[in-house]
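Heads up: the structure comes next, in structure tokens.
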Amino acid sequence: MRPSLPEADTEPLLRVEGLTVHFPVGRAGFWGRQKQVLHAVDGVTFDIKRGETLGLVGESGSGKSTTGRAILRKVPITAGSIVFKGQDITGVKGEELRQLRRHMQLVFQDPYGSLNPRMRVLDIVSEPLIVHGLEPNTEACSERVLDLLEIVGLPKDAADRYPHSFSGGQRQRVVIARALALRPDLIIADEPVSALDVSIQAQIVNLLADLQDEFGLTYLFIAHDLSVVRHLSDRIAVMYSGKLVELSDRDAIYDRPTHPYTEALLSSVPIPDPVLQRERRRVPLTGEIPNPISPPPGCRFHTRCPIVQDRCRSEEPPLEDKGAGSVAACWFR
Amino acid sequence: MAAVPDMETPLDVPLLAVDDLQVSFFTRRGVVQAVRGASFTLDRGQTIGLVGESGSGKSVTSRAVMGLIELPGRIVAGDIRWKGKSLLGKDGHAYSDRIRGKEISIIFQDPMTSLNPLMKIGDQIGEVLGHHLGMDRSSADKRAVELLDLVGISFPRQRVKQYPYEFSGGMNQRVAIAMALASEPELLIADEPTTALDVTIQAQILELLQQLQTDLGLAVLLITHDLGVVAGLCQRLAVMYAGRIVETGQAEEIYSDPGHPYAWGLIGSTPRLDVVVPKLVSIAGAPPDLIRPPVGCAYAPRCPLAVELCEQVSPELIEHLPHRKVACHRAFDIRTVGAPVAAGS
Amino acid sequence: MAQTVAAPGIATPGITRRFAGVVGELWKDKAGFFGLLVMSTLILVAIAAPILAPHDPAAQSLSARLDPPFWLEGGSLEHPLGTDNLGRDVLSRIIFGSRVSLIVGLGVVAIAGTVGTVLGLLAGYNGGRVDSLIMRWLDTQLAFPGLLLYLVILSVVRPSLLVLIVILPINAWMVYALLVRGVVLSAKETPYVEAAEIVGARPKRIIFRHILPNLAAPLLTLAVLEFASAILAEAALSFLGLGIQPPEMSWGLDVAIGREYVFNAWWLVTFPGIAIALTVLGANLFASWLRIVADPHEREKRFAAGVSMTGGRGA
């Protein structure tokens, strides 16, 4: 037990520095001598303060989910470091890693696949308590589970039922209850609502917000567009092709997007209002997302960027403070 | 090219009329009444958005129009008319064979549903051209290049020789659209055409659809769960819930002044980029089990305005305002609760 | 048309109702039901052989050699299916022969199933070097004809029932390993297994609670099929004289003995042959029914096909 020192408040809960994840994907060349790697995440740096929500936004192939899984130590890390609660967890393994799991949990995207169809909700939610030996007494354990179910807004009789008898939104509540069981400091929510219907999405987003207030949780909220994260995040990080291109305060992102990609992303999200939507002008973005096996040199966005210049094609822009709460990686903004 | 009105059908007959359509799925759990009486019409050159959440019956409806309902599903009642003539039943059989795939085309969420992975895309488009328009090989090849160009694929002359796996998801969706347009249809059904795509690619595809709609005078039936997607593309809207259409009308009217509490809730719970609300509006509860649909209004258990009548009598889809049909006993009473989103956009 | 599902039953306990449901479904699938019938008959006959058999299967009677079945001239109900060249009762030999088939079938399934499942689990769950080691071994062995392997071993070791049960799994384990490895590999990728890892479950718990239950249905189906092929293999080896040795009895052995008399006493080969064929057929039919029942998609398809035939009436 570490005494809570004053500086513990200023120290971030999680610090990710230069995180790089490359996956080997096979060999090329006639003799297979050239090793090919997929650049999933390339030198990503950010931190999350205790009680904060960081929204991590990116399209498919941007590396956002891999970043989440790297923090959970589910994928091998090629380079960089992850410091969680003041401890470097980049290399922990075995029992130490298992103990680490108590403090960070994951809420999955797919509420259908992430619950074992053969287990009752009681067994699913109590599993974390059992495997960490937190509640050896069966009676007390089910008591805790019932509490958790109530917290996430499920009826008491849910405990004895199997996942298939629940709707998508209710299953996601079960997933959240399981993640909460260990009272983690950090919850990584990997697109927790994108598989749900809109009317249900709002329920889950509101539940996550309430839980944060109640338990002082810290979230890394991963999403593929900027509309859902707006309602939860304090700061928003935008990833593109394995790189962090912008990391700004919430309002700065929406009011004054700095990086041209952020701008394009914002203008691509349709607004559910026909009058406004017809008048909106989209930042024209042509072309496709670059191939992660052979990412382009310089700024990764230069192949699609509307304000591209020669420098962008050869030199990679650093992530730097652009003032007014914006941190972005662009030579010309 | 496609919108030449044919002289046989009078102009006051809608292009497509879906009349009290009922589709059920006979599963081991029981009979799932996926569509329980859906009616709407679509005129030439019009765009209609069929909006609903999963299980609302929107996709089943579009598949029924396309004749794609397969066992265990079956159309149990109702009619689908194309230019006034039924596509269903024994008499409709020959007629629908001529219409579906030719005058009506469909694109799906996953473009690979309509693409053959083992065939060059030029040949695939050529096949449609040969089958429906009786083109010979060389003119079909030429037309395939034009079609790819039309859907915004660069270097179409080289691209026709490529296979679907050489394309990204967004590009394949463009190819699927080109293929759907090859038969020069009058109606394009787009079943969640952008759901599997990234936002920036989605925006490109939506723009393409919009442009094609105006240029070719296509009628478009867009099936989506995303109110944002319909907003830019569709003039008219039909909102589905639990197998029924609960509201139809002009898109902007429904967005600004929804008559059905469900439409109101759906609009309110859609997260918006341009408005920050302290708390998203959410609809409590979940849609009903369509094996045992409620006797009264299917939305009553979740509805903030529900009264006793709602639970006993299922409301009819009635014209409450000009060109605005709402199936609700308390249509437009939701105005008293407030705008669907927090004011101040 | 809009017919609701069957009225909720009177408070029957869940398990009973599920069991009743499965049996009801089995009854609807006539082929599967026939398969189950054959399998249970085999088991009952094997257990109750001393009670059911009219004669001592080994008892020779020189006065009653090559008697035909009772419905032919010269036959009698004393020996309903006739007698063999030493005057032994064919029916009794078939009844006792079922014991050998059952023991070989069960024994081989148990040993091959256990070995194959464990190796498949090791390969699938650990991956990496363990996996490539097991898979290379398996590939090598697959390239070698199984029957030849048996013949080599049996030319060295004196064949007996026990020897058969030990050597048949040498080839039979592979299909279990392949199946288990495949299922484990796909189960390992499911989000709920990932969830269990992230929650902090140890590998042992993940294997037993989250991965193994996925194996129950496919393994059971495979075991029934392999049961049949073990019986067939035993019969074949016994027929070749490399399996069960006289005076023990086996269907395959009886067919081999009868082969010499096939032109004047056809019943010697026919009845044991029918016993073998019926058992194998029954096991296969039962297995194919099991496969369908274990697969929700298949069940749904069957149900829908049934509905379309009966004119759209639900449940």
Item checked: Count of region B:1-29 residues which are at pLDDT below 85 and within 11 Å of chain C (Cβ to nearest Cβ) -> 3
Notebook entry, point to check: Which residue pairs have Cβ atoms closer than 9 Å, lie 6 or more positions apart in sequence or on different chains, and pair a first residue in region B:259-272 that is more than 8 Å from chain A (Cβ to nearest Cβ) with a second residue that is of a type in the set (F, W, Y) and outside any helix (DSSP H, G or I)?
Noted result: B:G259/B:F332; B:H260/B:Y241; B:H260/B:Y299; B:H260/B:F332; B:P261/B:Y299; B:Y262/B:Y241; B:Y262/B:Y299; B:A263/B:Y241
Item checked: region A:176-187, subset more than 9 Å from every other protein chain (Cβ to nearest Cβ) and under 16 Å from the mean Cα position of the chain (by Cα), residue nearest to A:V57 (Cα to Cα) -> A:I187
Next item on the list: Please state which of the following conditions C:L149 fails to meet, knowing it meets all the rest: (1) farther than 23 Å from C:V100 by Cα; (2) touching a residue at least 12 places away in the same chain (Cβ under 8 Å); (3) open to solvent by 40 Å² or more (accessible area, probe 1.4 Å).
Entry: (1)
Next item on the list: Working only within region C:218-261, note down all residues that are in contact with an Asp or Glu (Cβ under 8 Å, 6 or more places away or on another chain) and closer than 23 Å to C:V175 by Cα.
Entry: C:G243
Checklist line | Scope region B:145-199; condition in a loop (DSSP other than H, G, I, E, B) and more than 22 Å from B:L233 (Cα to Cα); matching residues | finding: B:S154, B:F155, B:V160, B:K161, B:Q162, B:Y163, B:F167, B:S168, B:S183
Next item on the list: Working only within region C:162-177, note down all residues that are open to solvent by 50 Å² or more (accessible area, probe 1.4 Å) and in contact (Cβ under 8 Å) with a residue 12 or more places away in the chain.
Entry: C:V166, C:I170, C:V175
Note to self: Here's a check for you: in region A:267-287, which residue that is over 28 Å from the mean Cα position of the chain (by Cα) and in a loop (DSSP other than H, G, I, E, B) is farthest from the other protein chains (Cβ to nearest Cβ)?
What the structure shows: A:R281
Margin query: Please count how many residues of region A:163-191 are buried (at least 19 other Cβ atoms within 10 Å of the Cβ) and of a type in the set (S, T, N, Q).
Written below: 2
Check: Within region B:195-211, how many residues are in contact (Cβ under 8 Å) with a residue 60 or more places away in the chain and polar (S, T, N, Q)?
Finding: 1
Notebook entry, point to check: Is at least one residue of region C:100-109 part of a helix (DSSP H, G or I) and at pLDDT below 85?
Noted result: no
Checklist line | Listing of helices (runs of 4 or more DSSP H) fully contained in region A:70-162 that carry 3 or more residues being at pLDDT 90 or above, open to solvent by 10 Å² or more (accessible area, probe 1.4 Å) and within 14 Å of another protein chain (Cβ to nearest Cβ) | finding: A:94-100, A:121-131
Next item on the list: Filter region C:39-58 for residues that are part of a helix (DSSP H, G or I) and surrounded by fewer than 17 Cβ atoms within 10 Å (Cβ to Cβ) and give the result.
Entry: C:S40, C:T41, C:I43, C:L44, C:I47, C:P50, C:I51, C:L52
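Quick grid of which residues meet (1) surrounded by 13 or more Cβ atoms within 10 Å (Cβ to Cβ); (2) more than 14 Å from every other protein chain (Cβ to nearest Cβ); (3) modelled with pLDDT of 80 or more; (4) part of a loop (DSSP other than H, G, I, E, B):
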| site | (1), (2), (3), (4) |
| --- | --- |
| C:T4 | no, no, no, yes |
| C:I10 | no, yes, no, yes |
| C:G32 | yes, yes, yes, no |
| C:G35 | yes, yes, yes, no |
Notebook entry, point to check: Within region A:215-223, is there a residue that is open to solvent by 20 Å² or more (accessible area, probe 1.4 Å) and either within 13 Å of chain B (Cβ to nearest Cβ) or over 27 Å from A:Q99 (Cα atoms) (or both)?
Noted result: no
Notebook entry, point to check: Does region A:321-333 contain any residue that is part of a helix (DSSP H, G or I) and within 25 Å of the chain's Cα centre (by Cα)?
Noted result: no
Checklist line | Hits in region A:239-248 (condition: more than 12 Å from chain B (Cβ to nearest Cβ) and in a strand (DSSP E or B)) | finding: A:M239, A:K243, A:L244, A:V245, A:E246, A:L247, A:S248
Check: Within region C:184-200, which residues are within 14 Å of chain A (Cβ to nearest Cβ) and open to solvent by 10 Å² or more (accessible area, probe 1.4 Å)?
Finding: C:S186, C:K188, C:E189, C:T190, C:P191, C:Y192, C:E194, C:E197
Next item on the list: Kindly provide the set of residues from region A:75-90 that are of a type outside the set (D, E) and within 18 Å of A:V44 (Cβ to Cβ), ordered by number.
Entry: A:V75, A:P76, A:I77, A:T78, A:A79, A:G80, A:S81, A:I82, A:V83, A:F84, A:I89, A:T90
Next item on the list: Count, please, the residues in region A:192-209 that happen to be more than 9 Å from chain B (Cβ to nearest Cβ) and open to solvent by 20 Å² or more (accessible area, probe 1.4 Å).
Entry: 2
Check: Do you know which residues across region B:311-334 are buried (at least 21 other Cβ atoms within 10 Å of the Cβ), outside any loop (DSSP other than H, G, I, E, B) and modelled with pLDDT of 90 or more?
Finding: B:K325, B:V326
Next item on the list: Pairs only if they're at least six apart or on different chains, beta carbon under 6 angstrom, first in region B:98-123 and in a loop (DSSP other than H, G, I, E, B), second β-branched (V, I, T); list them, first residue then second.
Entry: B:Q109/B:T195
Next item on the list: Please tell me if C:L268 is in a helix (DSSP H, G or I) and open to solvent by less than 50 Å² (accessible area, probe 1.4 Å).
Entry: yes
Item checked: Residue in region B:139-158 that is among the aromatic types (F, W, Y), surrounded by fewer than 19 Cβ atoms within 10 Å (Cβ to Cβ) and out of contact with any Cys (no Cβ under 7 Å at 6 or more places or on another chain) present -> yes
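The values are calculated or read from the model by the stated rules, or taken from the named source; none is laboratory data. Please read these numbers as outputs of a predicted model, since none were measured by experiment. All Cβ positions, even for glycine, are placed from backbone atoms using ideal geometry, and neighbour counts span all protein chains on display. To get the accessible areas, we keep the full protein, side chains included, count just its heavy atoms, and leave off ligands, DNA and RNA. Shrake-Rupley method; radii C 1.70, N 1.55, O 1.52, S 1.80 Å.
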